[in-house]
Structure formats: C-alpha cells, structure tokens
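What follows is a single structure, written as structure tokens, with notes after it.
The values are calculated or read from the model by the stated rules, or taken from the named source; none is laboratory data. Everything quoted here is computed from the prediction, not taken from an experiment. With ideal geometry, Cβ positions are generated from the backbone for all residues, glycine too; neighbour counts draw on all protein chains shown.
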Amino acid sequence: MTTSVRPKRVLAICYSQTGQLARIAEQILAPLRENPGVDVHLEMLRPLPAYPFPWSFFRFFDAFPEAAHLIPPKLEPLALTGEEDFDLVMLFYQVWFLAPSLPVTAFLQHPLAARLLNDKPVVTVIACRNMWLMAHEKMKNLLAGLGARLIDNVVLSDRGNVFATFITTPRWFLTGKQAGFLGCPPAGIAADEILRARRFGLAIQTALVADAEKKNAPLLTGLQAVEANPKLYFSEKAGTRSFYLWGKLLCAAGEPGQWRRKPIIFFYVIFLVLLIVTVVPVSLALQTLIRPLLREQLARMKHDFELPSGSGAERMSNYVV
C-alpha cells in the first residue's frame, strides 16, 4: 500500500494597480504551477472602493496619509477561510509613499492574516521606483506582529536614472502613459527583468521539493534578489517623517475624499516638491563629501538591508531563463 504525498501548498498575496506587479507574480509563480507537486493559491486583493488607474492628482495624494499611518482600507471578501494550511506564503507588494501599498496593509491587518501567516515562512517581493527601505522595515514589523517568519526578500526596481524617474513615474501614474519620452526610458521595471524574475520561482520550486522552507533559512541566496542603496536611507527617513506629520494633519481634517483635505494637499505638494529639489540633492551631496567617514556605516547598512536573501550572484547560472 502506497501513501500519497500531500502537494506543497503556497499562498500568494498580490495587489497590482498598474498590472506590472501581476506580471511579476505570474513569472515567479509559473514554475510552481507547472509542478504537480505544488498547489498555488493566488489571492488578488480588491480594495473597496477600488483605487483608480491612472490616478487623478488629488486622489493620488489623498492616499498618502493612510499609507503613512498604515490605516487599512476595506477589502472585498477574500476567497480564504483562515482554516487553510500553507507551507509557504509569498507577498507581492508595491511601495506607496515609502510604505507597503494600502491593500497589502489591509490584508496584513485582516482577521484572517494571523491565522494564515502565524509561524509560516514568508517571501516578500517588492516592485518600486527605487525607494523601498522604509517600506521593508514596516513590512518586517507587520509580519513580526503576525508571528510570520520572513525568510526571503526580492526587490525589482526601475533602473532608469533617478532624476528621469522623478518625471516618468508620476507621468505613468497620473496619465497611464508608460512609454519613454523626451529621451527618458519607459517608466517601471524593464520587460526583460520581469521575465528573468522566473528564476526565483524555479529556485523556490527546487527548495520546496527538498523541504527547505522548513529550515527557516533563505531560499533565494545567490540569485541577485536584492541590491540596497543605503545612500537613499537618509532621504527616505526625511520623507517618512514628512508623510507621517502631514498625514496626521490630513487625517485630522477628515476622511479620504473629503473636500477639507484638498487645500492641505495643495500646500503639501508644494512643500514636497521643494523637499525633493532641495533636501534630497543636498543630502546626497553631503553624503558624497563625507562618504569616507560613512564608508563602514553604509557598508553595514547595505548588508543589513539586503538580508535575508542578499545580492550575491553565485547561483545565477543554475537558473538561466
């Protein structure tokens, strides 16, 4: 008499506003779905009301107070009961205002989340322009509060020039136009990088077969999962403080969408533009001047932010896609 082996069960959580993150999720999950020994449940989050794409100007900035304060929106009912038992959880999320996107924040504060994620190994996958350090810290705190074990983190970012992406990314979000213009490359993550994200799915499939997810160790080392730029940390700290303080004022002014928020948002946008064109360049310039004094601190920060998966490439040849 033979005993059947239960398929490994993977829960994937995703909210994709532009469709880009959904394409990344599909590339990573494809090898798992192709394996009959792996059962994948993809839960696409749907906030109530839905966030528009492209955004209107005020609707876009009206989302930052709740994002900064991790105040969750309502979600459509999930296709999960909380009784499911998963071997691995994958969280795909965007960065909104230096925090995890609001629909993902809502899931992590959902009553079912603690039942589904407690003591489970979790792999996070971030898609962003270039700033993700503070969002990652907030995500780690949320997962720790649920009793989840973060074993891997993957970051896919826009490789365009940082100043060009200040133009191309807002243009994409506010108009829906992603194509390059005026010599700037297309906004978002390059198509070939999205395709190469399949290597993470292949490595996870191999790890599940070997029960490696049970060892509380990263599965994606040596696959260039994440490269941190610690020089952005100080700008992110300033931005996070700004979003938090102004967000507190906007939350006091009223609920999302209320007209009383609009004058404050108008003044905040002026403040934010001034912050970006003054504080960020000055911060980077100062860091350049004192970099010899910060070399050890920045190296330590880079190492810490790249945990647990790391930026090494020693296994890349094993998963050529």
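Selection of the stretch 198-227 for residues being within 20 Å of the chain's Cα centre (by Cα), surrounded by fewer than 22 Cβ atoms within 10 Å (Cβ to Cβ) and of a type in the set (D, E, K, R) yields R198, E227.
In the stretch 151-179, of all residues being out of contact with any helix residue (DSSP H, G or I) (no Cβ under 7 Å at 6 or more places or on another chain) and in a loop (DSSP other than H, G, I, E, B), the one that is modelled with the lowest pLDDT corresponds to N161. When the test is whether a residue is hydrophobic (A, V, I, L, M, F, W, C), at positive phi and surrounded by 24 or more Cβ atoms within 10 Å (Cβ to Cβ), L88 does not pass it.
Taking the conditions (1) charged (D, E, K, R); (2) surrounded by fewer than 18 Cβ atoms within 10 Å (Cβ to Cβ); (3) under 22 Å from the mean Cα position of the chain (by Cα) in turn, E66 satisfies each one other than (2).
Could you please let me know if L102 is hydrophobic (A, V, I, L, M, F, W, C) and under 15 Å from L45 (Cβ atoms)? Criteria met by L102.
Residues in the stretch 255-265 that are exposed (fewer than 13 other Cβ atoms within 10 Å of the Cβ) and free of Cβ contacts under 8 Å to residues at least 60 places away in the same chain: how many?
Here is the first cut: in the stretch 255-265, the ones exposed (fewer than 13 other Cβ atoms within 10 Å of the Cβ) are 255, 257-260, 263.
Checking the rest, the ones that are also free of Cβ contacts under 8 Å to residues at least 60 places away in the same chain come to 255, 258-260, 263.
Residues in the stretch 255-265 being exposed (fewer than 13 other Cβ atoms within 10 Å of the Cβ) and free of Cβ contacts under 8 Å to residues at least 60 places away in the same chain: 5 in total.
Within the stretch 190-209, residues that are closer than 13 Å to A225 by Cα sit with their Cβ atoms under 7 Å from residues that are surrounded by fewer than 19 Cβ atoms within 10 Å (Cβ to Cβ) and among the β-branched types (V, I, T), at 6+ positions apart or across chains, in these pairs: R196/V321; R198/V321; R199/V321.
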